[in-house]
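Coordinate-derived values only; no laboratory data. Predicted model only: the values in this text are computed from it and were never measured. Here the Cβ positions follow ideal geometry from the backbone for every residue, glycine too, while neighbour counts run over all protein chains shown.
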2 protein chains.
Amino acid sequence: MQEWDIKVDEKYMREAIRQAKKAYALEEVPIGCVIVHEGKIIGRGYNRRTTDKNPLAHAELIAIKKASKKMNDWRLEDCTLYVTLEPCQMCSGAIVQTRTTRVVVGCMNPKAGCAGSVLNLLDVQEFNHQVELTTGVLEEECSSMMKQFFRELRDKQKKIKKKIQNQK
Amino acid sequence: MQEWDIKVDEKYMREAIRQAKKAYALEEVPIGCVIVHEGKIIGRGYNRRTTDKNPLAHAELIAIKKASKKMNDWRLEDCTLYVTLEPCQMCSGAIVQTRTTRVVVGCMNPKAGCAGSVLNLLDVQEFNHQVELTTGVLEEECSSMMKQFFRELRDKQKKIKKKIQNQK
């Protein structure tokens, strides 16, 4: 297995975090993604599922669609996908479908992640493609962004509940 | 488990086959899909992956995007998705993500299907949603359409090979 340059991985994960912050600003779960081919970012995306009312508007699928347009091909061979949170079953599936070479994950998603947590769809021998996986790049930063988001969400919900009780 | 009306299932599968034939006409692998909510078709799709050079242009994802727009929600609760071929890992993932209630499959895809063949992503207890599954609806028709497509594709490839050899 090739040794990867952690400095390079951190550089692109930082861009994925910047994307995630755009989702945060929309009050979406802050997940961001970038896809890199030959040292260039060819696709960026951030979670817009609620904003767009579109189940396909996950950060990874948005980035995949853009990257694929840039490559002029449905295949993303020799590409690395950076994502702040471990991908779900749909996005892991899309990563295998596009034959993406490598995935770099910020923090894991123990309850729903499909790159090692619940399942590992990136490495199923029966599929015609397996994906190289690196996890834990800028993990602390990705993880604390998620925690902060859900803390604020709970606080907001508590305030709304209180307001409703006061009106009774 | 509810008993389903096979006549109703066949009616919608016939529409999915009609969709698949549109893919066939584009020389795409003939896969078609419709999504039904309260007795109405709210999304149709057929495989356009090569035509659109878009890895997300599977029949199911196209139908899901349209249905979701119609529902004005990323959730497809109380919806049934009809598809001529067992869905791949990406589309099965999308079906779970959208919380689609039920999936009806024409024929299976033993080498890559993720609704029971390689894996069954529709029924993973750790996920927050499981999908009811019916298989084998108009199976013979769906299966023979696929066989015919690949037979013609092989014939075309043989002819091209012969042409090249004759030019040498």
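Structure notes:
- Unique match (being facing chain B (nearest Cβ under 7 Å) and surrounded by fewer than 20 Cβ atoms within 10 Å (Cβ to Cβ)) among A:D123, A:D73, A:D52, A:D78: A:D73
- Checklist (1) of a type outside the set (S, T, N, Q); (2) assigned to a helix (DSSP H, G or I); (3) touching a Leu at 6+ places or on another chain (Cβ under 8 Å) applied to B:L133, failing item: (2)
- Residue identified as within 10 Å of chain A (Cβ to nearest Cβ) and over 16 Å from the mean Cα position of the chain (by Cα) among B:Q130, B:Q97, B:Q148: B:Q97
- Within the option set A:E28, A:E38, being touching a helix residue (DSSP H, G or I) at 6+ places or on another chain (Cβ under 7 Å) and of a type in the set (D, E, K, R) holds for one residue only, A:E28.
- Qualifying residue in segment A:157-165 (condition: more than 10 Å from chain B (Cβ to nearest Cβ), surrounded by 14 or more Cβ atoms within 10 Å (Cβ to Cβ) and in a helix (DSSP H, G or I)): no
- When residues in segment A:35-49 are screened for being closer than 20 Å to A:E10 by Cα and buried (at least 24 other Cβ atoms within 10 Å of the Cβ), 3 of them pass.
One line per residue, one yes/no per condition, for (1) within 11 Å of chain A (Cβ to nearest Cβ); (2) in contact with a Ser or Thr (Cβ under 9 Å, 6 or more places away or on another chain):
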{"site": "B:D9", "(1), (2)": "no, yes"}
{"site": "B:A16", "(1), (2)": "no, yes"}
{"site": "B:A25", "(1), (2)": "no, no"}
{"site": "B:L56", "(1), (2)": "yes, yes"}
{"site": "B:A59", "(1), (2)": "no, yes"}
{"site": "B:I62", "(1), (2)": "yes, no"}
{"site": "B:Y82", "(1), (2)": "no, no"}
{"site": "B:E86", "(1), (2)": "no, yes"}
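- Flag for A:V34 being more than 24 Å from B:D73 (Cα to Cα) and under 12 Å from the mean Cα position of the chain (by Cα): yes
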